[in-house]
Structure formats: structure tokens, C-alpha cells
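Comments concern the structure below.
The values are calculated or read from the model by the stated rules, or taken from the named source; none is laboratory data. A quick note: this is a predicted structure, and the numbers were derived from the prediction, not measured. Cβ placement follows ideal geometry from the backbone for every residue including glycine, while neighbour counts extend to all protein chains displayed.
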Amino acid sequence: MESIYLGIVIAPLAAAIVAGLFGRTIGRAGAHWVTIVGVAISFALSLVVLKDIVIDGAAVFNGTVYQWAVIGDIRMEIGFLVDHLTALMITVVNFVSLAVHVYTIGYMRDDPGYQRFFSYISLFTFAMLMLVMSNNFLQLFFGWEAVGVVSYLLIGFWFKRPTAIFANLKAFLVNRVGDFGFLLGIAAIVLHTGSLDYATVFGRAELLDAESIEVLAGRQWSVLTVACICLFIGAMGKSAQVPLHVWLPDSMEGPTPISALIHAATMVTAGIFMVARMSPLFEYSEAALSVVLIIGATTAFLTGLLGIVQNDIKRVVAYSTLSQLGYMTVALGASAYAAGIFHLMTHAFFKALLFLAAGSVIIALHHEQDMRRMGGLRKYMPITYWTALIGTLALVGFPGMSGFFSKDALIEAVHASTTFGAGFAYWCVLLGVFVTALYSFRLLFLVFHGEERLDSEARAHLHESPAVVWAPLVALAVPSVFIGWFTIEPLLFGEFFADSMLVLEEHDVLHEVGEEFEGSAAFVLHAFTASAAIWLALAGAIVAWVLYLLRPELPGRIARRFAPAHRLLVNKYYFDWFNENVLAGATRGLGRLLWSVGDRTVIDGAIVNGSARGVAALSAIVRRVQSGYLYHYAFAMVIGLAALIGWLILRG
Amino acid sequence: MYVPLLSISIWLPIAGAVAVLLLGSRRAELARWVALGVSLMTFVVAIHLYIGFYPDHAGMHFVERMPWIGAFNSFYELGVDGISMPLILLTAFLTPIVVIAGWEVIQTRPAQYFAAFLLLEGLMIGVFCALDALLFYVFWEAMLVPMFIIIGVWGGERRIYATVKFFLYTFLGSVFMLVALIYMYLQAGSYSILAFHELPLGMNEQILIFLAFLIAFAVKVPMWPVHTWLPDAHVEAPTGGSVILAAVLLKMGGYGFLRFSLPITPDASQSLAWLMIGLSLIAIVYIAFVALVQKDMKKLIAYSSIAHMGFVTLGFFVIFATIANSQDEAGAMLALQGGMVQMISHGLISGALFLCVGVMYDRLHSREIGAYGGVANTMPKFAAFVVLFALANAGLPGTSGFVGEFFVILGSFHASFWLAFTAATILVFGAAYTLWMVKRVIFGEVGNDGVAALEDVGRREFLILGILAVSVLALGVWPDPLVEAMDTTLRELLAHVMESKL
């Protein structure tokens, strides 16, 4: 099997290298063929692994590929851990990546950077696979940073645009803030376990909890809690949790296929995956779980509200992604790791679908992204419309669709949780359902229904996108509808993740939820009677219908009526304002101060050149002594001699 | 057959320098080829040092010893261990690259230019090989001369100010070191560095000796606050001079700490470790802020070098606190290894970045960030290299820049949480100043007519940047060969340093 695992990561890497270095030689078609074949091989192999692990019940693979370095008794290695979680993740990553590769042929058709783009997305696939297949913290960090870098390159893909190169720098730096915490978390773990290997570290989790570390003077904290919170700061960066979420909406400056692949389906879920993978650590730290829960809940609710006031089609979907990442994080905090991963999977399908559908609209309208200049597109783009509708229904949790199962199970699990903050989180995720439905249907209505607000030229050229664009939409729509129905039972209530996650008995909320579970159909029926979520979603849809189709003048009036609240939302709670003016401004100011005062005035001016001037000044004085007159020298000798004799006498 | 590999690697480039000088600039083409041939041959010799090196074998390798100055009981004694061998390899690797980089660019007195670099190479290798303190001192001081000439003759407009500053700064530092060396000679009766290691010294003696060495080495590294000569020297130096200065000359300071300060004055090192750690952290944080606001690319990279060298000194002196706080030596080994890997890696990355600035300078004759913008539009291949080296400078995993920082941060976490916290800020700041520069220089719309007329890298430039890119990636993906080569030596050093001389 080991060669299969190697093949899974090497195929996209090799394709990326070929397309990147020899792009001109192999041409545009060559570039997309080589990368698509690379990812297709990887996908096929991951299906083999999935079958091997899930159906044939193969044992967990945990092995080393090569030794990176050995220092003292710390072995640093590159290696793979393949269990149910890995098998699921590589399949999802490769499936979405493959769909995006195909879609890109259509979306980037006229772009001069065609080969470069394919090289990047294959490289991204490689990095993401390295991340999810890792069996140690070193490789995890490699994958973690590597996906960040490819994201940086892709957000800034159109490097002539000032907004794009602002956004990519911002994304990288905000992620680096998270990585800063992540690295400290890794350092804490290495210090106290002497290992980077997951299995070894997990085996010592309880011991870690017993050891303490003094971060603030006089305060002893459990090493485990400190390590888990530091690791979670990394997750907050990558999975865009408040307050490190600010980079994700701006990342929409990148081409749409990567918004779907990286900023919805895969990279941003790395944080979720990581916490789930680290469940044997997080489980022993109540404090860390509470932090996760509260941050996630805050993100889920607050960023969802922002989606309501956005007019850029991609930004609405981006805020939706933020909010859904918050949902996944809440699940992790409630120890329902499986529910978090389950939502990650369904979300990967329907959110990639929504992004690609948005992209289909954008290319049909020649790169128009403002929803105020759309409307009524349903009849021009039927396939895009129907797939977008499926994506929307899945997102809002329409009974029976994939998102319904994952979101409902998640809400139930939070409801059952007793971790500190669970009550707050429950209300956030519940009200979030209403918000989700509101912004989702707002988007759907503004784009596909109602009056046509297009300009006449756009309307003249308007038609359904080509097959390379709509085929991936259909391919993603299928699992968006069905995957929840078939997988909820084994994933959440079965033994699927038994080999990859640890849940302590007192935290096992999914077990509680599962006791009432009597099959997918019953779960759907149960939702109508026992869950508020479904009615909240319906209410959201109705409100959206009233506001954006029935009485389109209402939203403006509401905005004027509640101007302060509206301003708060439009300004995104002033996070960006604070970061740009206060943080970045202070940093640059301090830099200028240290340079002009510290380096130039004090060190160079006063000390270095000052001592040079000092020597010059001293010489100027001393020079006068050498007057050249003999009687001056004789006089000096006499004085000196007298002083010497006087000193000898006095001393004597 | 016995081959004095170390002598060859010292005297071959020096003889080559003489040959190139004799050829003269009238036969510039031939002079270039001879310079390249000699530097490549030296590199081959250096590779043999790596091949013939037994990582498990403690102590010095390839030792040569013959009487030199009998009156002072001074020997011509050479040898390398896991600390010096990689540095020699780095020196011998970069010199051919510098020769190629100056191939067409240097039109005034080309023979003298290449001769100066060959001479410098031989002397630098001599510094790393010398096991006799007097011999070491001779190489150490002689090294200043070719560098002085390189900046003073082929430098920019303010080259005289820069050279004088460079010379006075480093020369002043060395004088104190000489006093310390003579004092120890009087104690030990010989100039053998290895004998100095075993020399029993009282605490006061150790402190004074340590401070004398500190002045010499801190200037070279350079450590805050004796760093201000570096930005000036870099800005005025020709590209090749900047590359060697950043890649090898700065490493002399770090090498000095490992070869002299730590083993000769272990107790003083321990009691003054707080000072060294403090200065290192100031270098990492303070300099990061300063780097952020630079408008000159070479200055920015120079400041970035100071911050990255802060990791080296941090790694070397954090070991005492690390050992005190943990039961095993793993943390201290991480810190030492990290400092060493950081030196090698910084040599490759800063060298590459200075070459990149040189490529642009050769075309537009400006180092100002504001004079560029949108270079990626006209120089796509070059832009790819710059982005790669910038990311390596920002410590991206998979490049060599990550390895050293990672080790040092892990090692210093053993000493204290806040120490690691402060050091790790380089993750954010290092990325900020490097990538912000990339944003303003490489990305964006074409900034002006000058940028619009730029031609992408030629074959010669592609070759040297490509070689450096491959080595930066190789070291990042698989640092084990380097780490393994240094392991035994550093382990021995650690054991030695942890044993009090009092």
C-alpha cells in the first residue's frame, strides 16, 4: 500500500512541476491534461485507499517515508498516517480538486497565465494531501504553510490588480499570525513529549495535562491546555475564525475556481481537520474546548450577518463559508468531532458547487460580480440555476439534503453538550440557521429571479456556460443532495472514526444524539416535529422572498431606519479598519521611529560618527600642543618634571 | 596517498588570484575563465572534504601540522570538524557563483576584481581551518583587505564612507581579540586553539576574555547595536561583494562564538548568556521593525540579515537555560543545530536575494523599491526566483530558511515560553517586510518605462539563481545530511561547554 500512498501525493506534485516549469513547451492543452491526469490518478488511488480502509477494513497504516533530521532523541520524519479520517479527507480533496481542474479549462480559457494556474492548483492539491496524510507535526506544519503559500500565489494570481496583491499579502500575514501560535503549540508538545509523532504524542496526552507551565508569572497552566490553545490559534488563522477571519473575504480577489477549491472546500477546512485529528489532546482540556466552542459560535453568527449586506456575489458566498466554518468549529468544541468532519465533507461539496455556480454566472456576465446588476438569470442559465438551487437548499438545510443532516446533527450535538459555553453556542448556531437562509435566498433571488437589471450588452451575449463549466456543477450537485442520507449513520453514530478520533465518555454528545437515531428517514421526519432549525430556515427563506422579490424597496428602508447597525455591518464590525489603521499603522510608525531615532540618530549619529567627531575634536586640541616652538616644549618639560618630583616627595 | 586537502583549498584560490592578477585586465576573458576554473576546482576539493568526513568521528579531520613561528611556539595547524566543514563548503560553493555573477557586469579592472574574490576565498577558508590562534588571526585580519578593496574600488557612490566604517568597525573589534589571544598564549605556552579549550581559567579572566571576543564577533555577526556598518557596506558594495559579505563574512562571527567563546570561556558564556539572548532578541524584533520601513532593497535585505543572524546567536547562547530547564540535551542540541543550519541557510538565501537585487540593478541602476513595480510583467522567470527566495527568507517550510528557525524556536521554548514567543514573531515580521517588498517591486502594474523595457534573466543569471534555488529547496526538504555531519561535533561541544572550568 505504501507505494499507493506515495503515488497519491506525487502524482499532483509531478504534474505541478511539469506544468510550471515546462508550461511553454507543453502548451495550454498540455498543461491542463498533465495536471488533470495527475489529480485523476491521485483521486483513483484515494478511492482504492477508501475501499481498502472502509470496506475491506484494512488496518491503520502509520509509517515513515524518510528521515528529515534527528536531533538528540527527537526524530523528525516525513511519513503517512492512513486511517478512516485520512481516507475520507483525501477522497473529498481529490474529488473537489478534480472538478475544479476541469472547470478551470472553461473559466480560465482566455487567461494568459493558464499554465501557471494549473500548476498552482495541482501544487495546492499536493500540499493539502501532505497535510491530511501526515503522521507527525513537522509534516503537518509543512502542509499547513504550503497550502498557505499556494493560496498566497493564487489570490495574487492576477498580480497587476492592486486589490489582489493587497489581499494576498493580507491573507498570508494573517495566516502567519495563526501559524505563529501553531508553531508555539508544536514547540510545547515537543518539549514535553520529546516527539513530533502523533501516536507517541497522543499516548502521552494525559501526562501532558498533569504537567504545568508558567506562562504568566505566578500562574501555573496545564501544558496541554496551553498547547491546545496555541494549536487552535493556528486553526483560527487557516479556518478563518474571528478575529483572524479578515483575510477570507478579501481572498475572493483570486480567480473563482480557487475560491471554490481553496477558500471553501479544502484549505480553510484544514484547521477543522487538524483539531479533529488532535482530538486525543483536546479531549483532555476542558478550557481549550470552551475556547474552541465560543470562538466558533461567535464566528458562525457574526460573519453570517455580514453576508446579508454584501452585494458582491462571491463575497456573499465567502461570508457564508466563514459562518459555516464557525459551525464546524462549534462541533469540535462540543467534542462532536465527527459532526464537524461530516459538515466539512457536505460543505465541501455544496460550497464548491455554489462557488462554481457563482463563477459560471460571473463568466456569463463577463466578469460582473455585483448582484445589483444581475437578476432574472434563471431562464438564460438553467443548468447553473438548478445546480445553484441545489447548493442553496443543501446549505440552508432543506430536509433530506446533505447539509440538512450535517447541520441538524451538529445543532443537536451542541444542544446536548455540557462544555462551558455550550448554551451560548447553541443559540448562535440556531439563530445562524435563520441568517443562513436569509442571505442564501437573497443571493438566489437577486441573481436568478426578479427583474433583469443587466445592461443590454451583457444580455445580448448571455447564454449558459459550456460543458466544461456545467459538468463539474452537476458532478458536485449529486453528492450535495445524496451524501448526507447515506453517510450520516456510519460517520456520526457508527464506528467509522473510532480509529482516528478519541471522545471521552463524559463528552460523547454524538452518542446521546445517536440514541434517538432510527435511520435517515426518521431523522428527517423527526426534524419537522422536534427541531426549531427547520422552521427558522423556512422563516429565513420567506423573509428573503418578501424583502427581495415581493417588496424590493423594503431593504433600503430598513437600512435607513437602522442606520447604525447597517453601518456596523457594512464596515464589517471595523475589524479591517482597526487592523489597517491601528495595527499596521503603529507597526510602520514604530519602524520609522526605531530607524530614524535608534539607528540613525543614536547609534550612527551620536555613537559611531560622534566618536569620529570626538577624535577629530580631541586631535584639534592636542594639535595645538605641537606648536613647533622649542621654548613651549622646554616649558612643558619643566612643568612635567616639577610635577613628577612633587608627586614623588608627597608620596615619600 | 596523503593529500593536504585543507592546504590545497586555502592556497589554490590564493595562487589562482596571483595568476589572474598576472594575466591582467587586458586579457580579461582568459582571466575570467581562470578565475572560474580555480574556484570550481576549489569547490571540488571542498566536496572531497564532505565525502571524506566521518560524521561519527569526533575531533578534527584532515589535520595538518608543521612548525611555523618557532619563537612563539606557533604552528601551521589546520583541521576541520562538523562546524567548519559546512562553512568551507558554503564558501567554496558561493565563490564560483559570484565569479559567474560578475562575468559581464564588471568592466572596470575585471582581473583585479576576480583576483580579489579568489584571494578572499582562500583567506576565508583559512579562517575556518586554522587551529592555531596566530594563524587564525592572520587570516582573520588579512580577509579584511580584499573586502576593503572590493567595496572601495567597485562600490557605489559613498563607497569610501562605507569602507572606512566597515574597516574601522571590524578592525577595532579584532584588536581586543588579539589581546585575549596573547593573554591565553602566555597562559598556555602555545597558540593551539584546542589547547585553549582545555585551558583552566578563573571567572574574572573568563569574563574579560569573553568580552574581548564578544566585541570582535559581535561586530562581524553583526549584533545590535554594532550593526550599522552592515547596511552601509551592503548598499555600497558591488553585488558579488554583498553576496560574500552576507553569505560568508557574517558567519565568521557565529563561527567565532562556537570555536572560541563557548568552549574557552564556558562559565562566562553561561553567566553572560542573558546579555547575548537579550541582544539577539533585540536584533530579531527591533531590526524587523527597522527593516519594514526601508526604501532601499539592499538595506532591507541587510537588516533582514541582522534579524536572521539574531537567531544564530540566540541558538548558541540559549543552550544554558535550555539545559537548566529540561532533563535531556535535546533542546540544547536543537538550539545549536538551529544556529548552525541558520548560518548555512542564510548564506544561500541572502546571497540569492542580493544576486536578485544585482540583476535588477544591472538593468535600471537603482536599488530603490520605489523605482520598480510590476517587474513580474516583464521578467516572469526572474519574478519566480525572487518570490521563491523571498518565501525562503520568510522561513517557509520546504526551504532551508525554515529549518534553522524551527530548531531554534523549539530549542528556546525549552528555555522559556516568552523567549520562544518573541523569537517566533519573525514568522509574522519576516514575512511582512520580505513580502511587502516583493509586492511593491515584483507585483502590480508596470511601474514605469524603465520596468517596461526590462529584459528577463539571461542564461548566465538563470544558471546561478537556478543553482541557488535548487540548493535552498534541497536543504529544506532534506536537511539530514547537513544535520548529521554536524551532530557529533556539536554534541561534543555541548558536553564540553556544560563542564565548568572553575
A:Leu81 vs. criteria in a helix (DSSP H, G or I) and either in contact with a Cys (Cβ under 8 Å, 6 or more places away or on another chain) or in contact (Cβ under 8 Å) with a residue 60 or more places away in the chain (or both): no
Matching residues in region A:146-201 - criterion: being part of a loop (DSSP other than H, G, I, E, B), more than 7 Å from chain B (Cβ to nearest Cβ) and free of Cβ contacts under 8 Å to residues at least 40 places away in the same chain: none
Filtered residue count, region B:315-357, keeping only those that are within 14 Å of chain A (Cβ to nearest Cβ) and either within 14 Å of the chain's Cα centre (by Cα) or in a helix (DSSP H, G or I) (or both): 22
Hits in region A:330-344 - residues which are over 15 Å from the mean Cα position of the chain (by Cα) and either among the aliphatic types (A, V, I, L, M) or more than 17 Å from A:Met267 (Cα to Cα) (or both): A:Val330, A:Ala331, A:Leu332, A:Gly333, A:Ala334, A:Ser335, A:Ala336, A:Tyr337, A:Ala338, A:Ala339
Filter result for A:Gly143 (part of a helix (DSSP H, G or I), more than 7 Å from chain B (Cβ to nearest Cβ), modelled with pLDDT of 90 or more and over 14 Å from the mean Cα position of the chain (by Cα)): no
Sole exception among (1) over 21 Å from the mean Cα position of the chain (by Cα); (2) buried (at least 16 other Cβ atoms within 10 Å of the Cβ); (3) farther than 18 Å from B:Gly331 by Cβ; (4) not charged (D, E, K, R) for B:Ala485, by number: (1)
Number of positions in region B:314-339 that are out of contact with any Gly (no Cβ under 7 Å at 6 or more places or on another chain), closer than 19 Å to B:Thr489 by Cα and not hydrophobic (A, V, I, L, M, F, W, C): 1
Which numbered condition A:Thr346 fails, given (1) polar (S, T, N, Q); (2) in contact with a Leu (Cβ under 9 Å, 6 or more places away or on another chain); (3) under 26 Å from A:Thr387 (Cβ atoms): (2)
Some residue of region B:381-388 being more than 8 Å from chain A (Cβ to nearest Cβ), within 27 Å of B:Val357 (Cα to Cα), surrounded by fewer than 24 Cβ atoms within 10 Å (Cβ to Cβ) and among the small types (Gly, Ala, Ser): yes
Residue, surrounded by the most Cβ atoms within 10 Å (Cβ to Cβ), within region A:202-223, restricted to residues that are of a type in the set (Asp, Glu) and either closer than 15 Å to A:Ala288 by Cα or facing chain B (nearest Cβ under 10 Å) (or both): A:Asp209
Residue match in region A:255-264 (condition: surrounded by fewer than 24 Cβ atoms within 10 Å (Cβ to Cβ), within 30 Å of A:Val201 (Cβ to Cβ) and touching a Ser or Thr at 6+ places or on another chain (Cβ under 7 Å)): no
Only one of A:Ala11, A:Ala16 that is part of a helix (DSSP H, G or I) and free of Cβ contacts under 8 Å to residues at least 40 places away in the same chain: A:Ala11
Yes/no for B:Val34 being buried (at least 17 other Cβ atoms within 10 Å of the Cβ) and either in contact with a strand residue (DSSP E or B) (Cβ under 9 Å, 6 or more places away or on another chain) or among the hydrophobic types (A, V, I, L, M, F, W, C) (or both): yes
Residues that are under 17 Å from A:Lys379 (Cβ atoms) and among the polar types (S, T, N, Q), drawn from region A:428-473: A:Ser456, A:Ser465
Single unsatisfied condition, A:Ile36 versus (1) outside any helix (DSSP H, G or I); (2) buried (at least 18 other Cβ atoms within 10 Å of the Cβ): (1)
Identity of the residue in region B:457-486, small (Gly, Ala, Ser) and within 20 Å of B:Ser84 (Cα to Cα), that ends up modelled with the lowest pLDDT: B:Ala485
A:Val468 vs. criteria farther than 26 Å from A:Gly333 by Cβ and free of Cβ contacts under 8 Å to residues at least 24 places away in the same chain: no
Positions within region A:414-438 being at pLDDT below 90, of a type in the set (A, V, I, L, M, F, W, C) and within 15 Å of A:Ala338 (Cβ to Cβ), in sequence order: A:Ala416
Criterion violated by B:Gly466 - all others in (1) buried (at least 18 other Cβ atoms within 10 Å of the Cβ); (2) small (Gly, Ala, Ser); (3) more than 10 Å from chain A (Cβ to nearest Cβ) satisfied: (1)
Qualifying residue in region B:244-260 (condition: within 12 Å of chain A (Cβ to nearest Cβ), touching a residue at least 12 places away in the same chain (Cβ under 8 Å) and of a type outside the set (A, V, I, L, M, F, W, C)): no
In region B:398-424, the residues that are outside any helix (DSSP H, G or I) and facing another protein chain (nearest Cβ under 7 Å): B:Gly398
Filter result (surrounded by fewer than 24 Cβ atoms within 10 Å (Cβ to Cβ) and at the interface with chain A (Cβ under 7 Å from one of its Cβ atoms)) within region B:433-457: B:Trp436, B:Lys439, B:Gly444, B:Glu445
Filter pass, B:Glu461 being away from chain A (no Cβ under 12 Å), under 21 Å from B:Ser350 (Cα atoms) and touching a helix residue (DSSP H, G or I) at 6+ places or on another chain (Cβ under 8 Å): yes
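Yes/no matrix, rows are residues, columns are (1) within 26 Å of the chain's Cα centre (by Cα); (2) over 30 Å from A:Ala357 (Cα atoms); (3) modelled with pLDDT under 90; (4) among the β-branched types (Val, Ile, Thr):
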{"position": "A:Tyr5", "(1), (2), (3), (4)": "yes, yes, no, no"}
{"position": "A:Ile8", "(1), (2), (3), (4)": "yes, no, no, yes"}
{"position": "A:Lys51", "(1), (2), (3), (4)": "no, yes, no, no"}
{"position": "A:Val60", "(1), (2), (3), (4)": "no, yes, yes, yes"}
{"position": "A:Asp73", "(1), (2), (3), (4)": "no, yes, yes, no"}
{"position": "A:Gly79", "(1), (2), (3), (4)": "yes, yes, no, no"}
{"position": "A:Met89", "(1), (2), (3), (4)": "yes, no, no, no"}
{"position": "A:Leu98", "(1), (2), (3), (4)": "yes, no, no, no"}
{"position": "A:His101", "(1), (2), (3), (4)": "yes, no, no, no"}
Residue match in region B:287-309 (condition: away from chain A (no Cβ under 14 Å), within 30 Å of B:Tyr191 (Cβ to Cβ) and assigned to a helix (DSSP H, G or I)): yes
